[in-house]
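Below you'll find the structure, written out as C-alpha cells, and then a few comments.
Read-outs throughout are calculated quantities, based only on the coordinates presented, and are distinct from any laboratory measurement. Being a predicted model, the structure only gives us computed values, none of them experimental. Here the Cβ positions follow ideal geometry from the backbone for every residue, glycine too, while neighbour counts run over all protein chains shown.
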Amino acid sequence: MDPERPPTEFERKVFDALQLIPRGMVTTYGLLGHHISCRSAQAIGQALRRNPFAPDTPCHRVVKGDLTIGGFFGQNGGEPVDRKRRLLESEGVLFLEDGSIDPTRCYRFDE
C-alpha cells in the first residue's frame, strides 16, 4: 500500500469487519462481502491486499468460499500462501486432510 495514501472508506469498512473475526476462526470473501453489503469478492480481495495494518487487522483470516486457503498479499501460491497457513495454524485453525479448513472454524458474522 502506498504509505502516502490513507485507506479509502470502503477499505476501512473491510478492515473494521476483519476485527470481528475471532482468533482461531476464518471467514470467506463472500461472507465478509455480505456483512459489509458488497457483492464483489474481487473488491474485497483488493482491499485485503492493501491492508497496511496486518497482522493486527487479520486479513489472513479470509479464505475462499470452498474453505480452501486462497491467496495472500496478492499471491496465489508460494511463500505468501504458506505464511498464511502458518499464521492460521498458529491461531488454532484446523485443516482437513484435503487442505481445506474445518467448517466449524468458519465465522459467519450473524451468529
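With θ set to phi - 60°, apply the Karplus curve 6.51 cos²θ - 1.76 cosθ + 1.60 along region 45-61 and write out the HN-Hα couplings as whole Hz, x wherever there is a Gly or Pro.
Listing the rounded values in order: x, 5, 5, 4, 4, 9, 4, x, 9, 5, x, 4, 9, x, 5, 5, 8 Hz.
What angle, in degrees between 0 and 90 and rounded to the nearest 10, separates the Cα long axis of helix 79-90 from the longest principal axis of the Cα atoms of the chain?
The two axes meet at around 70 degrees.
With percent of Cα pairs over 26 Å apart as the read-out, I listed (1) 31; (2) 20; (3) 11; which label goes with the value calculated from this structure?
(3)
Would you mind calculating the relative contact order of the chain from Cα pairs under 8 angstrom and at least 6 residues apart, reporting the percent as a whole number?
With pairs under 8 Å counted, the relative contact order is 32 percent.
What is the extension gain from R12 to N76, computed as 0.36 nm multiplied by their sequence separation minus the C-alpha to C-alpha distance, in nm to one decimal?
So the extension gain works out to 20.7 nm.
To the nearest 20 debye, what is the magnitude of the charge dipole of region 9-105 about its Cα centre, counting +1 on the Cβ of each Lys and Arg and -1 on the Cβ of each Asp and Glu? Could you put the intermediate results ahead of the total?
Working: 13 positive and 12 negative charges, 54 e Å.
Result for region 9-105 is approximately 260 debye, rounded to the nearest 20.
Taking the simple approach of a point 7 Å from Cα along Cα-to-Cβ for both D66 and L94, what is their distance in nm?
2.2 nm
Which cross-chain or sequence-distant (5 or more) residues have an amide H under 5 Å from the amide H of Y107, H modelled 1.01 Å from N in plane?
V26, T27
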